[in-house]
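Okay, structure first, notes after.
The values are calculated or read from the model by the stated rules, or taken from the named source; none is laboratory data. Only a predicted model underlies this, so the values are computations on that prediction, with no experimental measurement involved. For neighbour counting, all protein chains shown are included, and Cβ atoms are generated from backbone atoms with ideal geometry for every residue, glycine included. The area values use the complete protein model at the heavy-atom level, side chains included, leaving out ligands, DNA and RNA. Shrake-Rupley method; radii C 1.70, N 1.55, O 1.52, S 1.80 Å.
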Amino acid sequence: MLTIEQQEQYQRDGYIILPDFKGADEIAALRARAEQIVNEFDPSVSQSIFTTRDQAKNTNDYFLASDNTIRCFFEEEAFGADGQLKQAKSLSINKIGHAMHDLDPVFRAFSADPKLAEVARDLGLADAQVWQSMYIFKQPGIGGEVRWHQDATYFETTPISVTTFWFALEDATLDNGCLWAEPGGHRGPLRERFIRNGDAVRVEKLDAMPWPDDSTAVPLEVKAGALVCFHGLLPHYSAPNRSPVSRHAYTLHATDGQTEYAAHNWIQRDAAFPVRGFV
């Protein structure tokens, strides 16, 4: 699926962009299903927000119980001082997570792609196992910042194998909060480890290496349909979306089944609900 040059680029930079990986019909189907899930979501069930700031403190039972089901999370700035939504529910949701790829037929059809399986193999995943899916809205005006982080913080394996598959469902630009990454940054250390023990979570600091800044980071502006793949140690970030345009995206996180998946990772599976690959 990938050329030698593309594989070498991935090894060098820690990420690769594959334009036009998904077609307009596939994107439309996923967006329509996400809209339906949000429409059916009752905000009285939970007003849980999603934030990457002080994550151990802000992770609650509603979030932890989303590991192997499907739940909606609000943007940090969705609610006013009176506790009421400041705009329509459909413009207030930060993301849907985290097992749509296994539990929802439309998301499964999008995720169970033989082309994805080939890309995963070309990127070094001998036995791809998909642990998490997220539909990210990056809402206009209030789309939250996602602080600098590495995805291996949440999906640690020995050796590190987690790989992110990030699909642009709309054009991602500097204006609406595209991804930023540090080319070659995946060769640095794992800086943090997110540890779950039952319903208790904590973030363990592993390395004091500073996060990138504008001198080394680059924006990953892509068109709808593009697939961005990046290494689990690659530092990446996205700014708040203050534009009038949303930035929908869908992500999958996969590890190699030939590596040891950490028992402290926040998502676990067992024989009753086994982890699966792309096909």
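If we sort 111-119, 24-32 on the protection proxy, mean other Cβ atoms within 10 Å, highest first, what's the order? Mind dumping the intermediate values first?
Details: 111-119: 18.0, 24-32: 14.6.
Those peptides, ordered most packed to least, come out 111-119, 24-32.
State, to one decimal in nm², a quarter of the convex hull surface area for the C-alpha atoms of the stretch 226-266, i.e. the direction-averaged projected area. Mind showing how you got there, number by number?
Details: hull surface 19.1 nm².
Here the figure is 4.8 nm², rounded to one decimal.
Helix-only estimate, please: 222 nm mean residue ellipticity of the chain, summing -39500 (n - 2.57) across DSSP H runs of length 4 or more and dividing by its residues, to the nearest 500.
Values: 7 runs with 55 residues, N = 279.
My calculation for the chain gives -5000 deg cm²/dmol from helical runs alone.
Computed with a 1.4 Å probe over protein heavy atoms only, the accessible surface of the chain comes to 43 Å² per residue.
Surface composition of the chain: carbon and sulfur atoms hold 51% of the protein heavy-atom accessible area at a 1.4 Å probe.
Anisotropy class assigned to the stretch 1-110 is prolate, per the alpha carbon gyration tensor with a/c at or over the 1.5 cut-off and a/b larger than b/c. Here the peptides 79-87, 224-232, 67-75, 15-23 are ranked by packing, the mean other Cβ count within 10 Å, and the order with the highest first is 224-232, 67-75, 15-23, 79-87. Does the stretch 103-155 come out rounded, prolate or oblate, given a ≥ b ≥ c as the square roots of the eigenvalues of its C-alpha gyration tensor, rounded meaning a/c under 1.5 and, failing that, prolate meaning a/b above b/c? Here the stretch 103-155 falls in the oblate category. Given in Å, the Rg to one decimal and the Dmax to the nearest whole number for the Cα atoms of the stretch 82-212 are 17.0, 51.
Dimensions of the stretch 46-141 along the principal axes, based on C-alpha atoms and rounded to the nearest Å, stand at 50, 27, 22, largest first.
Just to be sure I follow: if Rg is taken over the C-alpha atoms of the stretch 174-279 and Rh is the Kirkwood radius over the same atoms, what is Rg/Rh? Don't jump to the answer; show the numbers that get you there.
Numbers: Rg = 16.6 Å, Rh = 16.7 Å.
A ratio of 1.00.
Against the criterion of solvent-accessible heavy-atom surface with a 1.4 angstrom probe, Met1, Met209, Met100, Met134 sort, most first, into Met1, Met209, Met134, Met100.
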